[in-house]
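What follows is a set of notes on a single structure, which appears directly below.
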């Protein structure tokens with residue numbers, strides 16, 4: 001495909017209408033190039049705008065059943081107030097002498113671990129870290 005020369009003139013809409021005639025040029029008003037570069041007739045296209053989803057209210061992890069493995073978690077650091085949304089529960093809630101915990105890992109690590117074959121998958125998701133339940137919330141959409 002050759003590039004247009006610097007002096008080559010590209011006709012505007014009015015010049016095309018004059019060259020092709022009004023009947024032919026007006027038929028182009030119903031055509032548009034789609035996202036794949038294909039010229040399509042858009043006469044009957046109608047786009048309905050969806051209603052945006054409602055707000056998502058996280059649920060404290062103590063208010064859900066202890067079987068949370070695989071659920072999206074939200075962590076809040078009490079000192080800095082920093083919120084992390086990219087976490088997954090790599091275990092169910094467990095308890096020891098110091099309190100209740102859940103093993104947490106970044107979402108991408110959880111899904112990489114999940115797609116591993118069962119013969120090569122470790123029992124615990126690598127790099128999972130135990131978090132106390134007090135600062136964790138569950139995304140109810142997961």
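Each peptide in 107-114, 80-87 gets a packing score, the mean of other Cβ atoms within 10 Å over its residues, and the list from highest to lowest is 107-114, 80-87. Relative to one another, the C-alpha centroids of region 79-97 and region 119-142 are positioned 7 Å apart. This ranking places 74, 61 by how few other beta-carbon atoms lie within 10 Å of each, fewest first, which gives 74, 61. Taking every alpha-carbon pair under 8 Å whose residues sit at least 6 apart, region 59-138 reaches a relative contact order of 35 percent.
Note: region 43-133, Cα convex hull, 185 Å³ per residue.
Readers should treat all values here as calculations from the given coordinates under stated rules, not as data from a laboratory. Here the structure is a predicted model, which is why all the values come from computation and not from measurement. All Cβ positions, glycine included, derive from the backbone under ideal geometry; neighbour counts span all protein chains shown.
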